[in-house]
Amino acid sequence: MSDSGNRLSRLLSWDAAVVLVTVIVLVVASGAVENFGTSRNFTFLLLDLLPIALVALPMTFIIVTGEIDLSVASTLGLTSAVMGSLWDAGLSIETIIPLCIVLGAVLGALNGFFVTVLKLPSLAVTIGTLALYRGLAFVVLGDGAVADFPRVYTTWVTGTIGDGPIPNVLVPLVVVALIFGVVLHATPIGRGVFAAGAGEQAARFAGIRTGRLKFWLYVVSGAVAGLAGVLWTLRYSSARADNGFGIELAVVAAVLLGGVSIFGGKGTLPGVLAGVVLLASLQNALRLQDVSNEALNIVTGVLLIVSVLLPNIVSSARTALRRRRQAVTPER
Amino acid sequence: MTVTKEAPVAGETTVHSGRSWTANVFKARESGIVLALIVLVAFTATQNSRFLSGQSIRDILLGTAILAVLAVGQAIVMITRNIDLSVGSVLGLAAFAVGSLMRDNPGLPVIVALLAGLAVGAVCGLLNGALVRFGQVPALVVTLGTLYAFRGVSYFWAGGQQINADKLPASFLGFGTASVLGVPWLVLIAVLVLVLAGIVLRSYPAGRELYAMGSSPQAAQLAGIRVGRNTSAAFLVSGALAGLAGVLFAARFGTVDAAAGTGYELNVVAAAVVGGVAVFGGSGSVWGAGLGALLLTVIGSALAVLDINQFWQQAIVGALILLAIGADRLVAVRVTKALKKRDSHV
C-alpha cells in the first residue's frame, strides 16, 4: 500500500515539476528572449504545438498500453501528399478532408492488424510502416508541392479568434483533448487502457479484450495523424511528401516528458499536454534565438532520454536509501 | 523464434535432428533471399543488359559493403533483444569527423582515418550502451533520442559547410575506389567484419551469451551471464561499426555534409530483419544480415536501371520489414503448433 502511495506521490510530483518547469521557461523566455512574449509569437507557439499536441493524444493511450507508434509522422506525410494529389485531380476540399482522415484510419488499422492479429512487436511494425508510408508519400507526390488550396480554409487555419491571440484551430484541439481526457480518466475504456499496460494477461483475465482495444487505438492514432496532416497542409498551404518529417521524436518526447511511463500502465493526459507546452515553448524560444531546427533536435533528443532516465535515477536512489535505512534499523 | 532454434523436427528422432533442423530453417531463409536475388538479377538483366556491366556490379558491391557493415552491428544488437536506431546518425557524424580530419591533415595514412572513424563510433556506441545499461532506459528511447541528437551535433559542427572531394587527399579517395586483386578495399573490409563477427557469434562464449540474453534475459542473468556488460558491449560494437561505415562512406562518395546517412537506420533494420535476425532477439546470423544488405542494394540498383521511380525504394524497404517479421511470425506459429501436435502423440 505504501508502495502505491509512493508511486502516486512520485507521479504527482513529476506532473507538478513539469508544470513548474514550463512556467519557469515561459517566464524566463518572456523576459530574456526578444519577441517571445508578444501576442503574435503566442499565436505561432500555439500553431506550432497543435500537430504535436493532436498526435500526442492517441500516442498517450498507445504508450500507456505498453506499445508504441513510430509511424505517425509518416502517416501525416502520406495524408498530406494524398490531399495534394486529390486536390490536383479536382476533387472538392469538402470531400478530400474526410477522405484523408479515413485514409489515416486505414493506415492505423494496418498497424493495428500487424500488432494485434499477427502479434508482432509494435516497435518493429511501426518502423516498417514509418518507412512504407513515407515512401508511398513520395511515390504519390514526388518531391514537388501542391499549394493552391482554397483561401477560406487556409486563412481559417492560420487565423485567430476575433483577431485576438488565440488561433481558431485551438478550439477543435481543446474539444478533442477533452474527449480523450475524459475517455482515458473517467470511462471503462480508459481503465482498460491502464490495465492492459500494467499487465496484459491480468487485464485479459479481467475480461478486457486487450487485442481489440489496441487495434482501435491504432485506428484512432492513424485517423488523428491524418487530421494533423490536413491541418499541417492547410496551415502552410503546401502539400508535400516530407511534411512532418521526424515529428515522431517530438511527440514521443512530449508524451514521456509528460510523465507517461514507456513501460506502460502509468501517465495522465494533463501531464502530457504540459509536456507538449514545455517542449513547444522551449523550441520556440530557441528558434527565436536563431538556433537551427537540426540543432534543436539535440535538445528534443536529450529531453526524450532524460524524461525516462531521471525517474529511473530517482527511484533507484530511493531504493538505495530505503535499503540503507533498513540496514541501520533491522526490522526484526 | 527461440522455439524454432531448439526444436527437433517432427518425425525425426536422431539426436542431431535439432541441430540440422535449425540449419534448415536458416538455409530456408538464406536460400529464399538468394532465390529472390537470382530472380531479380535475371529479370533486370533481361530488361537492361547495363545492369550486369562491370561498373554496375562494382557500385552494387560498394553499396552493399557499407550497408553490410552497419547491418552486422545491428544484428549483434538485435540478437540481444535491443535495437540501435542511431546508426545512420553515427555514420554521418563519423563521416564528417573523418572527412574534416583528412582534409586538414592530407598526409595522414588511411589506417588513421579508419581508426578515427571506429573511435568516433565507439564513443557514440558507448554512450548508447551506458544509457541502456546504467540508466535502465529502453534501447528504443535511447537510440531514438541519440538518432536526432547525434544528427544535431553533425549539423551544429558542420554549420552548413560541406566537405568536397577535391579537398580530400587522393590516397583517401583512392582507398574508396581501389581494389586488391580485383576486389575493392571496401568489400574486403566488409567481408572481414562479417567473418570476424560471424565466427565470434557462432563459436565463442561471448557470442553465444548474446543469443542466450536475447532468448531470455532473466534466464541469462540467472545463468551467470553478465547481461549488463554484454549489452553495453553490443552497443559499443554497433557504434564502432557505424563509425567504420562512416569512413567507408566518406571514402566512397568524397562529398560529405551533415546530412550524410540520413534515414540509413531504416535500411539497416530492414537488412537485418530481412536476413532473418529476429526482432524478439535470440535468433539470426550476421550472414543473413549481410545477404539482406545485398538484396536491398540490388533492389535499389534495379529500380534505377528499370527506370522505376526511385521513390519506391523507401516504400519497398518498409514493405520488406513488414513482410519479413510477418513471415517469421507465421513460421514460428506453425512450428509451435507442429510441436504441440507431436508432443500429444508421444
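The values are calculated or read from the model by the stated rules, or taken from the named source; none is laboratory data. These figures come from a predicted structure and were not determined experimentally. Cβ atoms come from the backbone with ideal geometry, glycine included; neighbour counts cover every protein chain shown.
Listed here are the residues, each with its yes/no results for (1) of a type in the set (A, V, I, L, M, F, W, C); (2) buried (at least 22 other Cβ atoms within 10 Å of the Cβ); (3) modelled with pLDDT of 90 or more.
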site: B:Leu241; (1), (2), (3): yes, yes, yes
site: B:Ala245; (1), (2), (3): yes, yes, yes
site: B:Arg252; (1), (2), (3): no, no, yes
site: B:Ala258; (1), (2), (3): yes, yes, no
site: B:Val268; (1), (2), (3): yes, yes, yes
site: B:Val273; (1), (2), (3): yes, yes, yes
site: B:Gly281; (1), (2), (3): no, yes, no
site: B:Leu294; (1), (2), (3): yes, yes, yes
site: B:Leu306; (1), (2), (3): yes, no, no
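Would you check which residues across segment B:309-339 are more than 10 Å from chain A (Cβ to nearest Cβ) and within 22 Å of A:Ala137 (Cβ to Cβ) and list them? Listed by number, the list is empty, since nothing qualifies.
Within segment B:328-346, being within 12 Å of A:Lys119 (Cα to Cα) and surrounded by fewer than 16 Cβ atoms within 10 Å (Cβ to Cβ) holds for B:Leu330, B:Val333.
Just the residues that are in a helix (DSSP H, G or I), among the small types (Gly, Ala, Ser) and buried (at least 24 other Cβ atoms within 10 Å of the Cβ), please, taken from segment B:60-87. Scanning segment B:60-87 gives B:Ala65, B:Ala68, B:Ala71, B:Gly73, B:Ala75. Here is the figure for segment B:138-181: residues that are in a helix (DSSP H, G or I), more than 9 Å from every other protein chain (Cβ to nearest Cβ) and closer than 30 Å to A:Val291 by Cα total 6.
Checked against the criterion of being modelled with pLDDT of 90 or more, in a helix (DSSP H, G or I) and within 14 Å of chain B (Cβ to nearest Cβ), the candidates A:Leu213, A:Leu130 yield just one match: A:Leu130. Across segment A:133-179, the qualifying residues are those that are of a type in the set (Asp, Glu) and farther than 30 Å from B:Ala319 by Cα, and the one among them that is modelled with the lowest pLDDT is A:Asp163. In segment A:242-249, the count of residues that are in contact with a helix residue (DSSP H, G or I) (Cβ under 7 Å, 6 or more places away or on another chain), within 14 Å of chain B (Cβ to nearest Cβ) and of a type in the set (Phe, Trp, Tyr) is one or more. Taken over segment A:283-310, the residue count meeting the criterion of being assigned to a helix (DSSP H, G or I) and either more than 14 Å from chain B (Cβ to nearest Cβ) or over 20 Å from the mean Cα position of the chain (by Cα) (or both) is 7. State whether one or more residues within segment A:254-277 are buried (at least 24 other Cβ atoms within 10 Å of the Cβ), part of a loop (DSSP other than H, G, I, E, B), in contact with a Phe, Trp or Tyr (Cβ under 6 Å, 6 or more places away or on another chain) and more than 14 Å from chain B (Cβ to nearest Cβ). Yes: segment A:254-277 contains one or more residues that are buried (at least 24 other Cβ atoms within 10 Å of the Cβ), part of a loop (DSSP other than H, G, I, E, B), in contact with a Phe, Trp or Tyr (Cβ under 6 Å, 6 or more places away or on another chain) and more than 14 Å from chain B (Cβ to nearest Cβ).
So that you can scan it fast, the table gives a plain yes or no per residue for (1) of a type outside the set (A, V, I, L, M, F, W, C); (2) touching a helix residue (DSSP H, G or I) at 6+ places or on another chain (Cβ under 9 Å); (3) within 14 Å of another protein chain (Cβ to nearest Cβ):
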| position | (1), (2), (3) |
| --- | --- |
| A:Gly108 | yes, yes, no |
| A:Val117 | no, yes, yes |
| A:Leu120 | no, yes, yes |
| A:Ala124 | no, yes, yes |
| A:Leu136 | no, yes, yes |
| A:Gly159 | yes, no, no |
| A:Pro165 | yes, yes, no |
| A:Leu173 | no, yes, no |
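Across segment A:138-157, the qualifying residues are those that are of a type in the set (Phe, Trp, Tyr) and in a helix (DSSP H, G or I), and the one among them that is farthest from the other protein chains (Cβ to nearest Cβ) is A:Trp156. Looking at segment B:207-305, the helices (runs of 4 or more DSSP H) lying wholly inside it that each contain 1 or more residues that are more than 14 Å from chain A (Cβ to nearest Cβ), in contact (Cβ under 8 Å) with a residue 60 or more places away in the chain and among the aliphatic types (A, V, I, L, M) sit at B:227-253, B:286-305.
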